[in-house]
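First up is the structure itself, then whatever we jot down about it.
The values are calculated or read from the model by the stated rules, or taken from the named source; none is laboratory data. Everything quoted here is computed from the prediction, not taken from an experiment. All Cβ positions, glycine included, derive from the backbone under ideal geometry; neighbour counts span all protein chains shown. Note: accessible area is taken over every heavy atom of the protein model, side chains too, but ligands, DNA and RNA are not part of it. Shrake-Rupley method; radii C 1.70, N 1.55, O 1.52, S 1.80 Å.
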Amino acid sequence: MESLRPSSYNIAKQREWDNVLSCHRGSNVAVTWNRQNFIVGKHRLQSHAPTQSNITAVAISACGNYGLLGAQSGHIDKFNIQSGIHRGAFPDAKLVGKREAKTTRHTAAVTGLAVDAVNHLAMSGSLDGTIKFWSFGDGALIKQVELGSPVTQMSIAKESSLLAAVTDDFVIHVFDIDTQVCVRRLHGHTANITDLCFSSDGRWIV
């Protein structure tokens with residue numbers, strides 16, 4: 001197994017099933033882990049992208065039931081964490097139609113994924129310079145925001161309904177998830193931002 005890329009962790013179901021999801025450089029499979037027992041989990045989740053595309057981003061829903069996988073091809077899959085069963089995609093061609101799916105998916109690697117606190121919206125960022133807001137239930141695209149620069153990573157404050165997206169021009173874009181509107185742009189960095197997180201009250205970004 002090669003070096004670790006971003007991972008996602010959720011305590012909601014850690015006593016019941018695996019609650020950590022990780023992707024690894026050069027691999028098209030995401031791995032579940034069990035933090036309760038400190039062991040590798042039961043499932044290897046493989047992208048359903050048309051090509052054997054490496055996984056570049058992962059996220060676990062707030063309820064702990066679902067895991068999202070973002071691929072280098074721009075494809076996004078949804079899996080049930082407990083069973084490892086594939087539960088759809090963003091966009092989901094089976095529900096929204098092949099033509100709509102083709103025109104609304106990301107056109108470059110997915111670099112960030114997040115799910116809101118109530119499984120209403122899924123959010124994705126990509127090297128194609130867009131943030132997309134999806135319906136978590138049917139995989140339909142709700143809104144797309146052009147940022148004009150590749151998105152390199154994202155962070156979410158679920159309780160405050162805020163999403164922070166870092167772009168390659170060293171800017172942090174802060175979105176109100178409920179309205180899908182950018183409410184702040186934080187400038188000042190002069191080199192790549194390699195990590196960020198929200199404070200517990202959602203008032204600060206470090």
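Structure summary
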item: Qualifying residue in segment 179-201 (condition: aromatic (Phe, Trp, Tyr) and more than 19 Å from PHE133 (Cβ to Cβ)); result: no
item: Test set (1) part of a loop (DSSP other than H, G, I, E, B); (2) surrounded by 19 or more Cβ atoms within 10 Å (Cβ to Cβ) - PRO50 fails condition number; result: (2)
item: Residue list for segment 172-200, filter: touching a residue at least 24 places away in the same chain (Cβ under 8 Å), among the hydrophobic types (A, V, I, L, M, F, W, C) and out of contact with any helix residue (DSSP H, G or I) (no Cβ under 9 Å at 6 or more places or on another chain); result: ILE172, VAL174, PHE175, CYS182, ILE193, LEU196, CYS197
item: Selection within segment 12-23 - over 14 Å from SER53 (Cβ atoms), without any contact (Cβ under 8 Å) to a residue 60 or more places away in the chain and of a type outside the set (Val, Ile, Thr); result: ALA12, GLN14, ARG15, SER22
item: SER73 vs. criteria part of a loop (DSSP other than H, G, I, E, B), in contact with a Ser or Thr (Cβ under 8 Å, 6 or more places away or on another chain), within 24 Å of THR152 (Cβ to Cβ) and open to solvent by less than 40 Å² (accessible area, probe 1.4 Å); result: yes
